[in-house]
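Asks: Here it is, the structure in full.
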Amino acid sequence: MASSQEDSAERPAGGQLLADISTTTVRVVADYTGRGPTRARTIISGDWLFITLIDGLTKGERRLVELGRDDFVRETRKAYQNAMRDELTGEVERLTGRKVIAFLSDNHLDPDVGLEAMLLQPDGHSDHHDEGS
């Protein structure tokens, strides 16, 4: 079995970590909804991790918003977020080596923006400066 030092040596860090989290999030969202966002950005601030997702609604969801069915689209997106919670937080835990202790997720429809926010278990090494990619 590999030691935690070896495990952490294999994990991406810095900008590569943030890019990997963004890419993985887009993949997970696409797997569940049939379409991933066209842009994603991950930021870590202290023990918080934020992933912004831009242009993630499907063609059908965009049309429903045009027809005034905003509540239905939000309810559907919330169901997707609940369904993918374990996979998404598991991927973040695998990439960061830290446990996700809180997960919040929401969407704004116009403009089309999603936000995934995760509180990571403190590791004793986190600082309070921002990293973004």
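Nothing in this text is a laboratory measurement; each read-out follows from the coordinates by a stated rule. All of these numbers come straight from a predicted model, not from anything done at the bench. Cβ: placed from backbone, ideal geometry, glycine included. Neighbour counts: every protein chain shown.
Asks: Here are L53, L49, L57, L64: which of them is touching a helix residue (DSSP H, G or I) at 6+ places or on another chain (Cβ under 9 Å) and assigned to a helix (DSSP H, G or I)? It would help to see each step written out before you state the result.
Replies: Numbers: L53 fails: assigned to a helix (DSSP H, G or I); L49 fails: assigned to a helix (DSSP H, G or I); L57 fails: assigned to a helix (DSSP H, G or I).
Answer to the selection: L64.
Asks: Evaluate the following for A40: is it farther than 15 Å from P111 by Cα and either free of Cβ contacts under 8 Å to residues at least 40 places away in the same chain or surrounded by fewer than 15 Cβ atoms within 10 Å (Cβ to Cβ) (or both)?
Replies: Details: farther than 15 Å from P111 by Cα: no; either free of Cβ contacts under 8 Å to residues at least 40 places away in the same chain or surrounded by fewer than 15 Cβ atoms within 10 Å (Cβ to Cβ) (or both): yes.
So A40 fails the test.
Asks: Check off (1) of a type in the set (K, R); (2) in a helix (DSSP H, G or I); (3) over 24 Å from Q121 (Cβ atoms) for R35 and give me the number that stays unchecked.
Replies: Only one criterion is unmet by R35, namely (2).
Asks: Which condition from (1) under 17 Å from P111 (Cα atoms); (2) surrounded by fewer than 15 Cβ atoms within 10 Å (Cβ to Cβ); (3) more than 13 Å from the chain's Cα centre (by Cα) is the one that S45 breaks?
Replies: It fails just one condition, (1).
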